[in-house]
Amino acid sequence: MEASPIPQPRRRKAETFAPELHEVWAALYARQLPNVQRYACRAYQEGLDVLGLPADRIPTLAELNARITPPTGWRAVRTTVRYSDAVPWYHHFARRQFLITDYMRSWEELDFTPEPDMFHDIFGHLPFMALPDYTALQEMFAPAFLRADDARREDIKRLAWFSTEFGLIREDGEIKVFGAGLISSFGEIHNVVSGGVPLLPFTLENVLRHDKAIYSFNSTLFVIESLDALKAELARYFDAV
Ligand SMILES: [Fe+2]
């Protein structure tokens, strides 16, 4: 898996998606917006304001990048790969390219999809990617990953999974959702906010002894105290790689 070639994003003359895919986007957006307004962290809300996603259709790359690239230097790039392997993913990351899959979940998977789809990539991740404080966090991962050995690469994937994908953050004494995987999942966000998941502080020692849950909800999640505290904790690991 680690040796796969870097997929080259397919260039499109125009981004054309079937009308039904726009309808799935609109349904997901309408269901998840009230949840993120209530449960997502401040950074996400701020990024969502910057990004200004359309409610009724899939946004174009040009629209997204007009909001993302000027503040952060990052660029959203389309890929036809449904689930990118970590190595090519981090090669794109090192070039400040955030891959967005062409795949959209089906009507049967509105609540939860094990495969990250374009709703996850765009709605879950891209608001954050318009914020320089947050992209500075993302920029810590690729250099460490690309120089790490296989065992450490597994650790780094786990640290990303439990922070940028499924992390929680404490804000004014309240637990808010930080990870894009929670933000884009109606089912899992409800499971977490209803107290269905044990929470531990995000420390290397806690996170590295837990496995990622890809085909089910996560059985334990981790709470960061702030973006800076997360960066400091990750640096403790990355500096030693
Ligand atoms: Fe993700």
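The values are calculated or read from the model by the stated rules, or taken from the named source; none is laboratory data. Fair warning: this is a prediction, and the values are worked out from it, not measured in the lab. Don't worry about glycine lacking a Cβ; one is built from the backbone with ideal geometry, like all the others, and counts go over all protein chains shown.
Looking for something in a helix (DSSP H, G or I), surrounded by 22 or more Cβ atoms within 10 Å (Cβ to Cβ) and at pLDDT 95 or above - is there at least one such residue anywhere in segment 146-153?
no
Let's see how each residue does on (1) buried (at least 16 other Cβ atoms within 10 Å of the Cβ); (2) in contact with a Pro (Cβ under 7 Å, 6 or more places away or on another chain); (3) in the same structural domain as Pro116 (by TED's automatic domain parsing); (4) within 25 Å of Arg153 (Cβ to Cβ):
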site: Ile175; (1), (2), (3), (4): yes, no, no, no
site: Phe178; (1), (2), (3), (4): yes, no, no, yes
site: Phe186; (1), (2), (3), (4): no, no, no, no
site: Thr203; (1), (2), (3), (4): no, no, no, yes
site: Ala213; (1), (2), (3), (4): no, no, no, yes
site: Ser219; (1), (2), (3), (4): no, no, no, yes
site: Glu225; (1), (2), (3), (4): no, no, no, no
site: Leu230; (1), (2), (3), (4): yes, no, no, yes
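Looking at Ala62, Ala151, Ala76, Ala66 in this structure, which one is within 24 Å of Phe238 (Cβ to Cβ) and either touching a Cys at 6+ places or on another chain (Cβ under 7 Å) or not charged (D, E, K, R) (or both)?
On the way: Ala62 fails: within 24 Å of Phe238 (Cβ to Cβ); Ala76 fails: within 24 Å of Phe238 (Cβ to Cβ); Ala66 fails: within 24 Å of Phe238 (Cβ to Cβ).
The match here is Ala151.
Hey, which of the helices (runs of 4 or more DSSP H) in segment 18-112, taking only ones fully inside, have at least 2 residues that are of a type in the set (Val, Ile, Thr)? Can you show your working first?
Values: elements: 19-39, 42-51, 61-72, 86-94.
By residue number, 19-39, 61-72.
Residues to consider are Arg96, Arg75; find the one that is touching a helix residue (DSSP H, G or I) at 6+ places or on another chain (Cβ under 8 Å) and either touching a residue at least 24 places away in the same chain (Cβ under 8 Å) or under 24 Å from Ile214 (Cα atoms) (or both). Break it down into steps so the answer makes sense when it comes.
Numbers: Arg75 fails: either touching a residue at least 24 places away in the same chain (Cβ under 8 Å) or under 24 Å from Ile214 (Cα atoms) (or both).
Testing whether each residue is touching a helix residue (DSSP H, G or I) at 6+ places or on another chain (Cβ under 8 Å) and either touching a residue at least 24 places away in the same chain (Cβ under 8 Å) or under 24 Å from Ile214 (Cα atoms) (or both) leaves just Arg96.
Taking the stated definitions as given, is Ile189 under 17 Å from the mean Cα position of the chain (by Cα), in a helix (DSSP H, G or I) and within 16 Å of the ligand (Cβ to nearest atom)?
Details: under 17 Å from the mean Cα position of the chain (by Cα): yes; in a helix (DSSP H, G or I): yes; within 16 Å of the ligand (Cβ to nearest atom): yes.
For Ile189, the condition - under 17 Å from the mean Cα position of the chain (by Cα), in a helix (DSSP H, G or I) and within 16 Å of the ligand (Cβ to nearest atom) - is met.
Within segment 173-186, which residues are outside any helix (DSSP H, G or I) and within 14 Å of the ligand (Cβ to nearest atom)?
Of all residues in segment 173-186, those outside any helix (DSSP H, G or I) come to 173-179, 184-185.
Scanning segment 173-186 gives Val177, Phe178, Gly179, Ser184, Ser185.
Quick test for you: out of Leu137, Leu221, Leu146, Leu159, pick the one residue that is under 26 Å from Leu28 (Cβ atoms) and out of contact with any Ser or Thr (no Cβ under 9 Å at 6 or more places or on another chain). Steps first, answer last, please.
Details: Leu137 fails: out of contact with any Ser or Thr (no Cβ under 9 Å at 6 or more places or on another chain); Leu146 fails: under 26 Å from Leu28 (Cβ atoms); Leu159 fails: under 26 Å from Leu28 (Cβ atoms).
Only one candidate qualifies: Leu221.
Among the listed residues Ala66, Ala43, which satisfies the condition of being over 16 Å from the mean Cα position of the chain (by Cα) and not assigned by TED's automatic domain parsing to the domain that holds Phe186?
On the way: Ala43 fails: over 16 Å from the mean Cα position of the chain (by Cα).
Exactly one residue qualifies, and that residue is Ala66.
Could you tell me which numbered condition Gly167 fails, if it satisfies all but one of (1) within 16 Å of the ligand (Cβ to nearest atom); (2) under 24 Å from Thr80 (Cβ atoms)?
The number of the failed condition is (2).
Checking Asp111 against (1) within 13 Å of the ligand (Cβ to nearest atom); (2) within 22 Å of Tyr215 (Cβ to Cβ), which single condition isn't satisfied?
The failed condition is (1).
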